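Here is the structure we will look at, set down as structure tokens.
Readers should treat all values here as calculations from the given coordinates under stated rules, not as data from a laboratory. Since the model is a prediction, treat every value here as computed from it, not as a measurement. Here the Cβ positions follow ideal geometry from the backbone for every residue, glycine too, while neighbour counts run over all protein chains shown.
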Amino acid sequence: MPDFVAAVDQGTTSTRFMIFDHGGNEIARHQLEHEQILPKPGWVEHDPTEIWERTRSVIESTFTKTNLSVSDLAALGITNQRETTVVWNRRTGRPYCNAIVWQDTRTDRIAAELERSGKGDVIRRKAGLPPATYFSGGKLQWILENIEGVREDAENGEAIFGTTDTWLLWNLTGQHVTDPTNASRTMLMDLETLAWDDELLSFFNIPRQMLPEIKPSSGFFGTTRSDGPLHGELAVTGDLGDQQAATVGQVCFRPGEAKNTYGTGNFLLLNTGHELVRSKHGLLTTLCYQFGDDKPVYALEGSIAVTGSAVQWLRDQLGIISGAAQSETLASQVADNGGIYFVPAFSGLFAPYWRSDARGAIVGLTRATTNAHVARATLEAICYQSRDVVQAMENDSGVKLDVLRVDGGVTANQLCMQMQADILGVPVSKPVVAETTALGAAYAAGLAVGFWKSTAELEQNWNEDRRWQPSWSEEQRAAGYAGWQKAVGRTLDWVDVN
Ligand code: ADP
């Protein structure tokens, strides 16, 4: 058995290739960003060809840097930004248009119409999701209706759909496949049968032959082509949506275990075991993972659209910081938020509100407000949005969180993590290997080929790096949260989506 397992992590802002050893330690990585294409307000696109090119480059560069090759790898796993929708031609391999990214809100009318016609409840019951611009089904419908030639080619079986895992798997192996975690984000899969559902497909008028085959997240997906970037044949045996991958990377294998990933957005997932828990408080019911022939494991998820990307907004649009890390130094110049709150509802509000009519606001401004207060309110917004979701999760599950496991780019920000412990009132814990997304995909791939024998073996790889303890009084916490909830109220019903 070779010594290492590799993973491609195709994220929202970048693509990375990582190699791990048996202890789950990072051996090598290479990472490249791709362009965020913003053609109109609310529209967010990626070029699928660029994403594939970046994938090729990061694999080849990692091999060049390390002198490792495909023969050193036992298996390859894929993890990806979820919901982002690609349609391409089966014969030519060419995309018909740019990928529509999960943050894109162009399908707000499709989502509103589903709700108005009463189909929303069927989608909630079968797919575990509320109709929203976030998920792939509406994006695919939009492409079928608006891009010339797609509908006809789809009826002929030539135009095919996939999220970016499927797009990469197609290019790497020639197979048209996905896993149930990715499929559970489309509004098209029945959560109980883990199969595409004809009634759901009819809501979006999607021809079934466009859809990839759904295979277990840990299992055989295909063999890499020897003329591809790995320059050899390797079994691809893991595929998980990025948040589910991070849940696996954080070894949340037992019901009641949860993690929160702080990236472009925030995603809190709670493992609910084999039980499909339906949320009454605005969370999503989703597939956590399916390993081989084992029964599928479900999760409750709180998805927050804008967290780390609000820090990018301070840098790129406001220009008040020159890099993400500077948000910490700037925010540290003031002792508190000076009474202001920033609700970054740039694309509406996701969990637990699901309000596409919300837009961002900074409230409570006075003559004394400075850049530092705005930076502090941005970091607080990351934490308050997480508190909204934790509260919903506790209400749904009846289980009180005793520690929050965290990962993702924003967790480099010490101030923000301390605020999170203060705002939640529970300790926040970060593992040594912070690249839990790529690690989770590697775990899924390695389990399938016997590189790791069991999830118990993986649990031993998890080690704590840092822990932040709450320091605020209950009164301080309650007053801060009341201000946040008031601010959220001010952002609702801002744009007309009907
Ligand atoms: P993704 O996988 O979604 O692309 P990452 O986990 O790589 O995200 O995290 C990137 C995000 O983290 C960016 O939105 C960036 O603004 C934010 N970020 C990175 N470092 C910091 C920091 N020190 N403080 C605050 N935010 C940060």
**Report entry** For segment 175-298: relative contact order, % (alpha-carbon pairs under 8 angstrom, 6 or more apart)
**Finding:** 23
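Would you please put 299-311, 469-481 in order of how densely packed they are, using the mean number of other Cβ atoms within 10 angstrom per residue and starting with the highest?
On the way: 299-311: 25.6, 469-481: 13.2.
Ranked from most to least packed, the peptides come out as 299-311, 469-481.
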Report task. State the answer as a single residue: which of 497, 444, 385 lies farthest towards the positive end of the charge dipole of segment 369-498, with beta carbon charges of +1 for Lys and Arg and -1 for Asp and Glu, about the Cα centre. Result -> 385
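How much length is gained on full extension from residue 3 to residue 227, taking 0.36 nm per residue of separation minus their Cα-Cα distance?
Details: separation 224, 0.36 × 224 = 80.64 nm, distance 2.32 nm.
Length gained between residue 3 and residue 227: 78.3 nm.
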**Report entry** segment 51-160: GluC sites (Glu not before Pro) falling in loop per DSSP and having at most 12 other Cβ within 10 Å
**Finding:** 148
Query raised in the report: Where nothing but the Cβ of Lys and Arg (+1) and of Asp and Glu (-1) is charged, how large is the charge dipole of the chain around its Cα centre, in debye to the nearest 20?
Result: 900
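I need the peptides 212-219, 229-236 ranked by packing, meaning the mean over residues of other C-beta atoms within 10 angstrom, with the highest value on top. Don't skip to the answer; put the middle values down first.
Numbers: 212-219: 22.4, 229-236: 19.2.
So the order, starting with the most tightly packed, is 212-219, 229-236.
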Report summary line: Taking 484, 462 and counting other beta carbon atoms within 10 angstrom, the fewest-first order is 462, 484
**Report entry** Principal axis dimensions, largest first and in whole angstrom, of segment 163-262 by Cα
**Finding:** 40, 38, 24
Query - Under-5 Å amide H pairs with residue 346, H placed in peptide plane, nonlocal only - result: 360
Report task. Any aspartates and glutamates with Cα under 15 Å of the residue 400 Cα? List them, leaving off those in the same chain fewer than 8 positions away. Result -> 257, 388
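So what is the 222 nm mean residue ellipticity for the chain from helices alone, if each DSSP H run of at least 4 adds -39500 (n - 2.57) and you divide by all residues, rounding to the nearest 500 deg cm²/dmol?
Numbers: 16 runs with 169 residues, N = 498.
Taken over the chain, the calculation gives -10000 deg cm²/dmol.
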Report summary line: For residue 165, the net charge from surrounding residues (Cβ-Cβ under 14 Å; K, R +1; D, E -1) works out to -3
Report summary line: Relative contact order as a percentage, the chain, C-alpha pairs under 8 Å and 6+ apart, gives 16
Report task. Neighbouring Cβ atoms within 10 Å as the yardstick, rank 354, 494, 468, 167 fewest first. Result -> 494, 354, 468, 167
Query raised in the report: How big is D, in µm² s⁻¹, for segment 336-378 by Stokes-Einstein at 10 °C and 1.306 mPa s if Rh is the Kirkwood radius over C-alpha pairs?
Result: 144
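Only Cα pairs under 8 Å and at least 6 apart count here; give the relative contact order of segment 79-198 as a rounded whole percent. All intermediate terms of the calculation are to be shown ahead of the outcome.
Values: 172 pairs, mean separation 37.9, N = 120.
Relative contact order for segment 79-198 comes out at 32 percent.
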Requested in this report: Send over the Kirkwood Rh of segment 408-447, from the inverse of the averaged 1/r over different Cα pairs, rounded to one decimal Å.
Outcome: 11.7
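Please give the FRET efficiency for residue 402 paired with residue 94, using the beta carbon to beta carbon distance and R0 = 60 Å, rounded to the nearest 0.05. Can you show the working numbers first?
Values: r = 51 Å, r/R0 = 0.85.
For R0 = 60 Å, the calculated efficiency reads 0.75.
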Query raised in the report: Out of segment 71-122, which chymotrypsin sites (Phe, Trp or Tyr not before Pro) are coil in DSSP terms and have no more than 10 other C-beta atoms within 10 Å?
Result: none
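Show me the three semi-axes of the equivalent ellipsoid for segment 343-498, from the C-alpha gyration tensor (sqrt of 5 times each eigenvalue), largest first, rounded to whole Å.
33, 20, 15
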Query raised in the report: Once both labels are modelled 7 Å past Cα along the beta-carbon direction, what's the residue 113-residue 412 spacing in nm?
Result: 4.3
**Report entry** Qualifying lysines (Cα of each under 28 Å from Cα of residue 215; at least 8 residues distant if same chain)
**Finding:** 119, 126, 139, 259, 295, 453
Requested in this report: Determine how many Å³ per residue the convex hull of the Cα atoms of the chain encloses.
Outcome: 132
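By per-residue mean of other Cβ atoms within 10 Å, what is the highest-first order of 266-277, 27-38? Intermediate results must be reported in sequence, preceding the final value.
Numbers: 266-277: 20.7, 27-38: 16.0.
Per-residue Cβ counts within 10 Å, averaged per peptide and sorted highest first, yield 266-277, 27-38.
Relative to the Cα centre, what is the charge dipole magnitude of segment 426-498, using +1 at the beta carbon of each Lys and Arg, -1 at the beta carbon of each Asp and Glu, and rounding to the nearest 20 debye? Spell out each step's value before the answer.
Numbers: 7 positive and 9 negative charges, 23 e Å.
Using Cβ point charges on Lys, Arg, Asp and Glu, segment 426-498 gives about 120 debye.
If you put +1 on each Lys and Arg Cβ and -1 on each Asp and Glu Cβ, how big is the dipole of segment 177-284 around its Cα centre, in Debye rounded to 20? Don't skip to the answer; put the middle values down first.
Values: 8 positive and 13 negative charges, 71 e Å.
I would put it at about 340 debye.
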Query - Share, in percent, of DSSP beta bridges within the chain that are antiparallel, nearest 5 - result: 70
Report task. Jot down the radius of gyration and Dmax of segment 1-138, Cα atoms only, both in angstrom. Result -> 18.7, 58
